[in-house]
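Notes follow once the structure below has been shown.
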Amino acid sequence: MTQSADQPTVAAPTGDIEQEAPAITEDGTPATVIDDREVEGILGNSVRSNAGEDMGQIIDVIVKRDGQVRAAVIDFGGFLGVGSRKIAVDWSALSFPASSVIDHVVLNLTPDQVRLAPEYRPGEPLVVLGAAETVQPKPDHSTKSENSPPEK
């Protein structure tokens, strides 16, 4: 296998292949070598229900401003892209197979639940299906209750 001049060479890990090994590229950039049997991209993977029904495929991943994965966008329904809808589902509603190859992802929701969900549209408020997280208003500490103890 040959490398092009614009691809940095990374030192190969030695020893245990299960362990992430720190490495340094030839230009001094820190890098981590991860066993390709431990990670896999999921964009384009099919999504199935717990009953094995085809639910569509993952077309995008939504992250919060801090980089934490929040949701997956699934292209649901339709045929050959006609009549399909984009639905955002909570990341925790997805299950990944324990096998070495992620050939599909399981969505822990029914097709009817997904069918009734509002469509995801970039730039509009995001409705995440299957989200157990609720947004709580920040407490207002500017007013005091009559029952609160006096400050000392």
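The values are calculated or read from the model by the stated rules, or taken from the named source; none is laboratory data. Just so it is clear, the structure is predicted and the values come from calculations on it, not from any experiment. Note that each Cβ is placed from the backbone with ideal geometry, even for glycine, and that neighbours are counted across all protein chains shown.
Annotations
- Residues of the range 22-49 classified as assigned to a loop (DSSP other than H, G, I, E, B) and loosely packed, with under 12 Cβ neighbours inside 10 Å, total: 11
- Residues of the range 98-118 classified as surrounded by fewer than 16 Cβ atoms within 10 Å (Cβ to Cβ) and over 15 Å from Ser84 (Cα atoms), total: 8
- Within the range 63-92, the set of residues being surrounded by fewer than 17 Cβ atoms within 10 Å (Cβ to Cβ), at pLDDT 90 or above and aliphatic (A, V, I, L, M) comprises Val63, Val69.
- Test: Ala5 is at pLDDT below 95, in contact with a Pro (Cβ under 9 Å, 6 or more places away or on another chain) and over 23 Å from Leu116 (Cα atoms): no
- Against the conditions (1) within 15 Å of Glu119 (Cα to Cα); (2) within 11 Å of the chain's Cα centre (by Cα), Ala93 satisfies every one except (1).
- Among residues of the range 107-119 that are free of Cβ contacts under 8 Å to residues at least 60 places away in the same chain and farther than 17 Å from Ile59 by Cα, those with a Cβ under 9 angstrom from a residue that is among the small types (Gly, Ala, Ser) and part of a helix (DSSP H, G or I), sequence gap 6+ or separate chain, pair up as Asn108/Ser92; Asn108/Ala93.
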